[in-house]
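Down below is the structure, laid out as structure tokens.
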Amino acid sequence: ISHALACEGDQLDDLKTTAETYLVVESSLVYHRGLLSWLKDRPLTPSNLQVSEYSLYRLTSTPLKEFISAFRESKPQNTTHISAPPELFCQVVRNHEQARQAWPALLKSLVKPTGGVLDRHFMRPISLRITRVLANTSLTPNQVSIFSTLLAFLASWMLIWPGDQWPLVAGLLFIVMRIIDCIDGELARLKYAGSSFGAWIDTVGDGLGIVTWVTGTSLLAAKTSSFAISLGVFGNVGWFGVQVLQYLAVLQGGGRGSFQAVEWGHRAPSKNALERLVALVEPLLRIDFISCAYVALVVVKAYEPLLWAHAIISWVSAVYFLSQLLRKRSTVTAREQMPIAAVGEPEKTAESSKSP
């Protein structure tokens, strides 16, 4: 998608028409954010492509200014009607009733398919209601990310407040933080306000939230255990190593902040035995499940089991991700060192290499 265009009045003369493909969307249309990518990637040849009966067109040969001028006067004639997949909804919204009907589908489209079980079935139903309220405010996704990170710090600090009631209160606040942490991504997808910087803020905040919770737990456990602080530091060092390795993998893959977008071996179609095992237990290692499990262990006063589990998970994960990263880099290096002829380029012959 080369340009996002909103054309009215004199703006038509200011358009830069250097792109090969344009998507022109009528402003009264509400659609799934994946619809544009689906439309862009379809191997279709018509110059004007219209999705269903709605005014969403892909232009591949018709000049943009010519198309929009014709669109103002009447609907373009040279169109091919297609139907998008049912999950990629597309609705016209011209009044309050149509807007009310479009909201459920629009909110449902904000849920990431890569989210964990607790994320999708427990946290999202609550966070989507809050996102609906915040949609028409000036609140930005980055502000929500920073706020949720501060809540994680506060909840972790509350663990060491004097009084037996505070670990339970801290646990509830930490779960609230996880729900609020869903809202930043929902707002970003809803308002098309996502950015690499925002993705990094969210990712770093998730990691820091776990580190501070484990730190608070180790300080709480230190009242009865002499090695709790050392065990907590050991686990957090491993957790930090996992974050660094995943950060390097994200940079290698293009720089987006989401760890879920990295093509690890356990997400590949063909897996070895270890990768199949990791794929099997991965739902239990998502940030939503880990956060809830760590809170539950604190509430039942199982401080040392939490610290041991965190240390084991962190260091085993660090070793696994290190092996995956080294494997990915060796594959890239091998491809770079392949002869040109081996990757499909024609070899130079004696005749072709002669000077004219």
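Quick notes on this one:
- Treating r as the C-beta distance of Val176 and Arg42 and R0 as 35 Å, the FRET efficiency rounds to 0.25.
- Over the stretch 89-167, the Kirkwood radius and the radius of gyration, each from Cα atoms, give a ratio Rg/Rh of 1.12.
- The peptide list 286-293, 265-272, put in order of mean Cβ contacts within 10 Å with the highest first, becomes 286-293, 265-272.
- Vicinal HN-Hα couplings computed from phi for the stretch 233-248 (Karplus, 6.51 cos²θ - 1.76 cosθ + 1.60; Hz; Gly/Pro x): 5, 4, x, 5, 5, x, 5, 4, x, 4, 4, 5, 5, 5, 4, 5
- Each principal axis of the Cα atoms in the stretch 113-210 has its own extent, and those three values, largest first, are 44, 27, 26 angstrom.
- Footprinting exposure proxy ranking of Trp200, Trp213, fewest other C-beta atoms within 10 angstrom first, gives Trp200, Trp213.
- Pairwise FRET efficiency - Trp157 versus Phe240, Cβ, R0 = 25 Å, nearest 0.05: 0.80
- Length released on extending from Gln101 to Lys191, taking residue separation times 0.36 nm less the Cα-Cα span: 30.6 nm
- Distances between placed amide hydrogens fall under 5 Å for Arg33 paired with no residue 5 or more residues away or on another chain.
- Each of Met123, Met158 has some number of other Cβ atoms within 10 Å of its Cβ, and from fewest to most they run Met158, Met123.
- A protection proxy built from the mean count of other Cβ atoms within 10 Å ranks the segments 242-251, 96-105, 176-185, most packed first, as 176-185, 242-251, 96-105.
- Per-peptide average of other Cβ atoms within 10 Å, ordering 159-170, 306-317 highest first: 306-317, 159-170
- Taking label positions 7 Å along the Cα-Cβ direction at both Ser225 and Glu87, the computed distance is 4.1 nm, reported to one decimal.
- Residue by residue, the stretch 100-111 carries 3J(HN,Hα) couplings of 4, 6, 7, 4, x, 5, 5, 5, 4, 6, 7, 6 Hz when phi is fed to the Karplus relation 6.51 cos²θ - 1.76 cosθ + 1.60 (θ = phi - 60°); x denotes Gly or Pro.
- Rounded to whole Hz, the Karplus (6.51, -1.76, 1.60) HN-Hα couplings of the stretch 81-96, x for glycine and proline: 8, 9, 10, 6, x, x, 6, 9, 5, 8, 9, 8, 10, 10, 8, 5
Any read-out appearing in this document is the output of simple, stated calculations on the displayed coordinates, not a laboratory observation. The structure presented is a predicted model; accordingly, all values stated were derived computationally and were not measured. Using ideal geometry, Cβ is built from the backbone for each residue, glycine included, and neighbour counts are taken over all protein chains shown.
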